[in-house]
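The values are calculated or read from the model by the stated rules, or taken from the named source; none is laboratory data. Keep in mind that this is a model prediction, so the values were computed, not measured. When we count neighbours, we look across all protein chains shown, and the Cβ atoms used for this are built from the backbone with ideal geometry, even at glycine.
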Amino acid sequence: MTDQKNVGFGIVTVEVWNIIRMAFKPALGKQSKMAREENKRRGERQKQVQEELISLEEERVYREGTVTIRDLIAPSALKVETTHIQLDEVFLRTLFVVSYPRYISVGWSAPILNMNLTMDISMFFYPIKSAIILKQLKKKVGALQAQLSADAEKGAPRDPLRETALRDIEQLRDDLTQGIEHFFQFAFYITVYASSKEELDNSTEDIENILGSKLIYNKHVLYQSEQGFNSTVPLGMDELSIAFNMNSSPIASSFPFISSELTSDNGVLYGINRHNNSLILFDRFSLQNANMVVFATSGAGKSYAVKLEVLRSLMLGVDVIIIDPEMEYNHLSEAVGGTYINISLASESKVNPFDLPRPVGGQQASTEDIIRSAVITIKGLIRIMIGQMTAQEDSIMDRALLETYAKKDIPASSDLATVEPPIVQDLVDVLEGMEGGENLVLKLKKFTEGTFAGLFNSPTNVNTGNQLVIFSVRDLEDELRPMAIYTLVSYIWNIVRSERKKRLLVIDEAWWLMTHEDSAKFIFALVKRARKYYLGVTTITQDVNDFLGSPYGKAIVTNSSLQLLLRQSPAAIDVIEKTFILTQGERYLLLESAIGEGIFFAGLKHAAIKIVASYTEDQLITSDPEQLMKIEQAKKEFERELGAEGTT
């Protein structure tokens, strides 16, 4: 039987099939070659894709082993409790506001923001179309009016709550219709951080008490600790969704960034408020006391700021007395015609530590009380001069000082306006005639006959009648500076008590006085009593640790209504932060401030300040050595030109 194959609809024999295959053989071969090339390309692509997948897998594995910023800041452990979360050693809890009073004051959140706590605060605003609110308010008005009408028909007493609500709703409808107000749903969350569960509970209670005092009621999260934490981290997610209906005005009063205004009608311009560029204009004598402390590192502009205040205070008629340890105020004194007194071993200007205040207007205490007070003050000076005394020596010195005043005919009945105070030599003479005073005489001899004889052993011959009086102690040895400053402050205190008038006393580098207990105690007593004599004491120091390390230094800060903090060193910032209860942002501000920038405290208010001066003021008060050299050079050239014109 002949072989047959089906092709289409007919029957083809093997011979015919072979003829057809031979005819189409070139085309079939070409098609087979193209298929092989396509398969090859497909294989190459698959191989390339496989290599890319392997590369991506390798990169993924590598990235898993790489430390990212997220890995660095993320806690090693997170424990979610019912009411709080524990992140490593830190405990945190989220609070949310659920109710507000009818009225809230502007800046109601300021007491919370100013708390010395670590916290995150989130505020979410959800705008609502006015048409929706107006529709709801219309229904509410109808219900209230119907209720009031029903009460009136029944003869029931008036309901003030409903009447007040009706007035508020009508006012809100008018404001919404006119576009004066807009409506929002407002959410306010606070997340508090603490180092222990007990501290977290105490901080939560403090915040709740502050909010409760303003009739703002809040709750803390329950079984939503993680959602509360996520709602206050800077991700912009509100996972709590606990909002309160509120219009624009009360929401505006909730704005958390509040800057203190330190502008008054009278006073001295201290600088520019860096929060809002307003003027910090203040009268220090309007506070409970006029004392001021200035803390700054070297070169931060503390002397510049104080000299600027002195210059502007002089224009307001305030008398100023300055103790200058580095002769920084000489140029200012020459410019305003002040009295500059140089105190040194070889100087002709002398201040007697035995001076007594002069009575004025019969308002002084009795002469006996004044003498006894002077004896206590001088004993403090002598302890600085000769060191600590034994109980026996202290008793001998006390009796000797009283006899020294008596030797100069200054008994309790004396008229202090005409007496001649004793000097250190008179005290030595008295001690030489007393049993047990030999050792004290030996220690005091160097202040009467030795190297230091020219400092305290002369009557006072300085003139302090000028509006600006500056005492310079630059030429004194470091050993003598605490004694000299103590004596000068005591002398100035006698002048202040002799006549009441508005005065400023500036003590530069006040840390010198904190190195001895007697001088520190004296300055503290002076600062406490200065207000009664219309005196404002300004203490300036760059050695913050030494000053605040003394209990009297901290007390001086407490009794100073004004505080000026300029740039601080990292070594002192921890003490400053603890003393002045600074926030973390204020801490960084003091570390990174430029020259003349810092924080100004006035009573309960404080603001970031930038010290500014006019060109003329800057030329008078600058402490920059290069600028001072240019001024001196210009001055010499002017004098030379003036001399040449005179010769011509």
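Of all the numbered requirements in (1) among the small types (Gly, Ala, Ser); (2) more than 22 Å from the chain's Cα centre (by Cα); (3) at pLDDT below 85, Gly299 misses one, and that requirement is (2). Assessment of region 591-599 against the conditions (hydrophobic (A, V, I, L, M, F, W, C) and farther than 29 Å from His331 by Cα) yields at least one matching residue. Output the number of the condition that Gln563 fails; it satisfies all remaining conditions of (1) part of a strand (DSSP E or B); (2) over 12 Å from the mean Cα position of the chain (by Cα). Among (1) part of a strand (DSSP E or B); (2) over 12 Å from the mean Cα position of the chain (by Cα), the lone unmet condition for Gln563 is (2). Checked against (1) over 16 Å from Val294 (Cβ atoms); (2) in the same structural domain as Leu504 (by TED's automatic domain parsing); (3) not aliphatic (A, V, I, L, M), Glu641 passes all but condition (2).
Checking the condition touching a Phe, Trp or Tyr at 6+ places or on another chain (Cβ under 7 Å) and either surrounded by fewer than 23 Cβ atoms within 10 Å (Cβ to Cβ) or polar (S, T, N, Q) (or both), which residue from Ser472, Ser498 passes? Spell out the reasoning first.
Numbers: Ser498 fails: touching a Phe, Trp or Tyr at 6+ places or on another chain (Cβ under 7 Å).
Matching residue, one of Ser472, Ser498: Ser472.
Selection within region 351-373: residues that are modelled with pLDDT of 85 or more and hydrophobic (A, V, I, L, M, F, W, C). The member of this set that is surrounded by the fewest Cβ atoms within 10 Å (Cβ to Cβ) is Val351. Hey, any hits in region 92-111 for a residue that's polar (S, T, N, Q), assigned to a loop (DSSP other than H, G, I, E, B), modelled with pLDDT under 85 and surrounded by 10 or more Cβ atoms within 10 Å (Cβ to Cβ)? Yes, the conditions are met somewhere in region 92-111.
Thr191 passes every criterion in (1) closer than 30 Å to Ile581 by Cβ; (2) exposed (fewer than 12 other Cβ atoms within 10 Å of the Cβ) apart from (2). Going through (1) of a type in the set (Ser, Thr, Tyr); (2) touching a residue at least 24 places away in the same chain (Cβ under 8 Å); (3) surrounded by fewer than 15 Cβ atoms within 10 Å (Cβ to Cβ) one by one, Thr487 falls short only on (3).
What about Glu586, is it without any contact (Cβ under 8 Å) to a residue 24 or more places away in the chain, part of a helix (DSSP H, G or I) and within 21 Å of Thr541 (Cβ to Cβ)? Walk me through how you get there before you give the answer.
On the way: without any contact (Cβ under 8 Å) to a residue 24 or more places away in the chain: yes; part of a helix (DSSP H, G or I): yes; within 21 Å of Thr541 (Cβ to Cβ): yes.
Considered against the rule, which asks whether it is without any contact (Cβ under 8 Å) to a residue 24 or more places away in the chain, part of a helix (DSSP H, G or I) and within 21 Å of Thr541 (Cβ to Cβ), Glu586 comes out as yes.
So, Ala131, is that one in the same structural domain as Val97 (by TED's automatic domain parsing), under 22 Å from Pro250 (Cα atoms) and modelled with pLDDT under 80 or not? No. Collect the residues in region 207-219 that are in contact with a Leu (Cβ under 9 Å, 6 or more places away or on another chain) and surrounded by 15 or more Cβ atoms within 10 Å (Cβ to Cβ), keeping them in residue-number order. Result: Ile207, Glu208, Leu211, Asn218. Could you list, in sequence order, the residues of region 275-314 that are under 15 Å from Leu565 (Cα atoms) and among the β-branched types (Val, Ile, Thr)? Listed by number, the residues that qualify are Ile280, Val293, Val294, Thr297, Val306. Among the numbered conditions (1) at pLDDT 75 or above; (2) surrounded by 10 or more Cβ atoms within 10 Å (Cβ to Cβ), the only one that Ser76 does not meet is (2). The residue that is surrounded by the most Cβ atoms within 10 Å (Cβ to Cβ), among those in region 501-510 that are over 22 Å from Gln542 (Cα atoms) and in contact with a helix residue (DSSP H, G or I) (Cβ under 8 Å, 6 or more places away or on another chain), is Arg503. For region 546-558, the set of residues classified as surrounded by fewer than 17 Cβ atoms within 10 Å (Cβ to Cβ) and under 17 Å from the mean Cα position of the chain (by Cα) consists of Lys554, Thr558, listed by residue number. For Ile621, the requirement of being outside the structural domain of Leu314 (by TED's automatic domain parsing), in contact with a helix residue (DSSP H, G or I) (Cβ under 8 Å, 6 or more places away or on another chain) and not acidic (Asp, Glu) is met. Of the helices (runs of 4 or more DSSP H) that lie entirely inside region 418-531, those containing 2 or more residues that are at pLDDT 85 or above and assigned by TED's automatic domain parsing to the domain that holds Ile384 span 424-432, 438-444. Applying the condition of being closer than 29 Å to Ala525 by Cα and crowded, with 17+ Cβ neighbours inside 10 Å to region 570-590 and asking which residue is modelled with the lowest pLDDT yields Leu582. Among the listed residues Val306, Val294, identify the single one that is crowded, with 19+ Cβ neighbours inside 10 Å, modelled with pLDDT of 90 or more and not in a helix (DSSP H, G or I). Step by step, each of Val306, Val294 is checked, and only Val294 is crowded, with 19+ Cβ neighbours inside 10 Å, modelled with pLDDT of 90 or more and not in a helix (DSSP H, G or I).
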